[in-house]
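The values are calculated or read from the model by the stated rules, or taken from the named source; none is laboratory data. No experiment lies behind these values; they were computed from the predicted model shown. Every residue, glycine among them, receives a Cβ derived from its backbone with ideal geometry; neighbour counts consider all protein chains shown. Calculation scope for accessible area: heavy atoms of the full protein, side chains included, ligands and nucleic acids excluded. Shrake-Rupley method; radii C 1.70, N 1.55, O 1.52, S 1.80 Å.
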Amino acid sequence: MSSPVIGVLALQGDVREHLAALAGAGAEAVQVRRPEELARVDGLVLPGGESTTMSKLAHAFNLMEPLRARVRAGMPAYGSCAGMIMLADKILDPRSGQETVGGIDMIVRRNAFGRQNESFEAALDVAGVPGGPVEAVFIRAPWVESTGAQVEILARYEEHAVAVRQGNLLATSFHPELTGDHRVHEAFADLVRTAR
Ligand SMILES: NC(=O)CC[C@H](N)C(=O)O
């Protein structure tokens, strides 16, 4: 089967790292900054960065409604960290005017791990990612506060859900794009192939 074309939302954040991880996972990876570019991809990664800024830029680039429409229509999407926040139906503690694309029936808490623990790493078993624990890098990460019935929790750190899936939507609190381990991106690329 030909490799799927996977976009990385390139408004802000660690776009390059996701492009490299997708290439490492055998996908064709392209940047998405305009509605025409979004229309051409089979799946989309929403990177880590700053969800408030990403939300504002998505509006400024006329991407918010097209993103919502494609997610509603079933396009596979994967959000890491700020990208997870973008895929959440609800933010517990949004900045004023902060909106999300939504799609995953969950409430997330931004910067949830707090000052003492702003950045840390942990080896986590992630359901659907074979081959042993994933080295998970958390940077001012959100956690999932609560989920609806359709949401599958794929990983937890302590008692908190930090990786989830609902249908074709995948989200992690952590940043697999920073470790050189491409298994999470491979799992997402498989999801995109299956959905095509
Ligand atoms: N590394 C990250 O993506 C941080 C996310 C950031 N704290 C936010 O609220 O968007």
Criterion (within 17 Å of residue 25 (Cβ to Cβ), surrounded by 22 or more Cβ atoms within 10 Å (Cβ to Cβ), touching a helix residue (DSSP H, G or I) at 6+ places or on another chain (Cβ under 7 Å) and not hydroxyl-bearing (Ser, Thr, Tyr)) met by exactly one of 108, 184, 192, 101 = 184
Considering only residues that are within 10 Å of residue 79 (Cα to Cα) and among the hydrophobic types (A, V, I, L, M, F, W, C), look in segment 165-196 and name the one that is nearest to the chain's Cα centre (by Cα).
-> 171
Within segment 59-80, how many residues are open to solvent by 10 Å² or more (accessible area, probe 1.4 Å) and farther than 15 Å from residue 39 by Cβ?
-> 2
Do we find a residue being of a type in the set (Phe, Trp, Tyr), assigned to a strand (DSSP E or B) and under 12 Å from the mean Cα position of the chain (by Cα) anywhere in segment 107-124?
-> no
Tell me, which residue of segment 112-137 that is open to solvent by 60 Å² or more (accessible area, probe 1.4 Å) and of a type in the set (S, T, N, Q) is nearest to residue 156 (Cα to Cα)?
-> 119
Taking only segment 28-58 into account, find how many residues are closer than 19 Å to residue 191 by Cβ, open to solvent by 10 Å² or more (accessible area, probe 1.4 Å) and touching a helix residue (DSSP H, G or I) at 6+ places or on another chain (Cβ under 9 Å).
-> 4
Mind checking whether some residue in segment 156-175 is farther than 20 Å from residue 26 by Cβ, among the acidic types (Asp, Glu) and assigned to a strand (DSSP E or B)?
-> no
Here the residues within segment 141-161 that are within 16 Å of the ligand (Cβ to nearest atom) and surrounded by fewer than 18 Cβ atoms within 10 Å (Cβ to Cβ) are 145, 160
Out of (1) out of contact with any helix residue (DSSP H, G or I) (no Cβ under 7 Å at 6 or more places or on another chain); (2) in contact (Cβ under 8 Å) with a residue 40 or more places away in the chain; (3) within 16 Å of the ligand (Cβ to nearest atom); (4) over 18 Å from residue 47 (Cα atoms), the odd one out for residue 95 is which?
-> (1)
Of all residues in segment 7-20, how many are away from the ligand (no atom under 16 Å from the Cβ) and open to solvent by 40 Å² or more (accessible area, probe 1.4 Å)?
-> 1
With (1) closer than 25 Å to residue 180 by Cβ; (2) within 16 Å of the ligand (Cβ to nearest atom); (3) not basic (Lys, Arg) as the list, and residue 23 as the residue in question, which single condition is left unmet?
-> (2)
